[in-house]
1. Between THR169, THR134, THR178, THR187, which is out of contact with any helix residue (DSSP H, G or I) (no Cβ under 9 Å at 6 or more places or on another chain) and either under 15 Å from GLN116 (Cα atoms) or part of a helix (DSSP H, G or I) (or both)?
2. List pairs: first in region 100-116 and under 15 Å from ARG180 (Cβ atoms), second modelled with pLDDT of 85 or more and part of a loop (DSSP other than H, G, I, E, B), Cβ under 6 Å, 6+ apart or cross-chain?
3. Residues that are modelled with pLDDT under 90, open to solvent by 30 Å² or more (accessible area, probe 1.4 Å) and out of contact with any strand residue (DSSP E or B) (no Cβ under 8 Å at 6 or more places or on another chain): does region 182-190 have at least one?
4. Tell me whether region 83-91 contains one or more residues that are modelled with pLDDT of 60 or more and surrounded by fewer than 17 Cβ atoms within 10 Å (Cβ to Cβ).
5. Do you know which of the residues in region 137-151 that are outside any loop (DSSP other than H, G, I, E, B) and closer than 28 Å to TRP102 by Cβ is most open to solvent (accessible area, probe 1.4 Å)?
6. Quick one: count up the residues across region 152-163 that are without any contact (Cβ under 8 Å) to a residue 40 or more places away in the chain and in a helix (DSSP H, G or I).
7. Test GLY156 against the stated conditions and say whether it is of a type outside the set (Asp, Glu), open to solvent by 40 Å² or more (accessible area, probe 1.4 Å) and at pLDDT 90 or above.
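The values are calculated or read from the model by the stated rules, or taken from the named source; none is laboratory data. Note that the structure is predicted; figures quoted are calculated from it, not measured. Neighbour counts are summed over all protein chains in view; Cβ atoms, including those assigned to glycine, are modelled from backbone coordinates with ideal geometry. SASA here: full protein model, heavy atoms, side chains in, ligands and nucleic acids out. Shrake-Rupley method; radii C 1.70, N 1.55, O 1.52, S 1.80 Å.
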Amino acid sequence: MSFRRVVFGVLGVGIFMLAYLATGNPDLAGALPGEALVSALGNDYLVLVVVAVLAAVITLFVTVSARNGARDHTTPPEAEQVTEVPLAGDIYDDLISNSPLWALTHREACDLAKQQLTATAVRVVQAERGCTQTTAKEQVARGTWTDDPFAARFLGSEAPPLEPEQWLTTAIRLETPTQRGARHAATELVARAGGDGHAA
């Protein structure tokens, strides 16, 4: 509540109480400058009109102020910032195109690429073999969905481990097993979808 509303509210109540008490108290009524107002305005009805207008103005002011004061003037929240999320292709491209050191120091990106390729592999197996999602997940986890050992090991936690010579050829290519596995898995999925996938 603002200070002005309080002042005008008190003033309005004071005028009302003074007029009310004056009607029942001749001494108080005589102390008021009623005769002087009548003489100044020339008519006692004009005094009544002035008092009524004054009361109406005060009432209107208090009502409007209360209505405006009821509004919420809090500071609006800051606009929501849109966070950029890398697309699946961007993450995959970063994984296979960067150095082995990048793959070793960006485990979160590698894990995300693996999750996305795994989800794609499950859908491909379901569509190809007409099996349930549970069965497709089991085949991907065991590595039985493909004959490619690198793709199978990359997506399958239960797939057979890579042979020593496979580790050696991966190192010669200046790749990590994660990078080579991602590339082989993506190539295999593209081939299954009708593309010309080929991985070395």
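1. The conditions single out THR134.
2. PRO100/THR176; ALA103/THR176
3. Scanning region 182-190, I find at least one residue that is modelled with pLDDT under 90, open to solvent by 30 Å² or more (accessible area, probe 1.4 Å) and out of contact with any strand residue (DSSP E or B) (no Cβ under 8 Å at 6 or more places or on another chain), so the answer is yes.
4. The answer is yes; a qualifying residue exists.
5. PRO149
6. The total comes to 2.
7. Criteria not met by GLY156.
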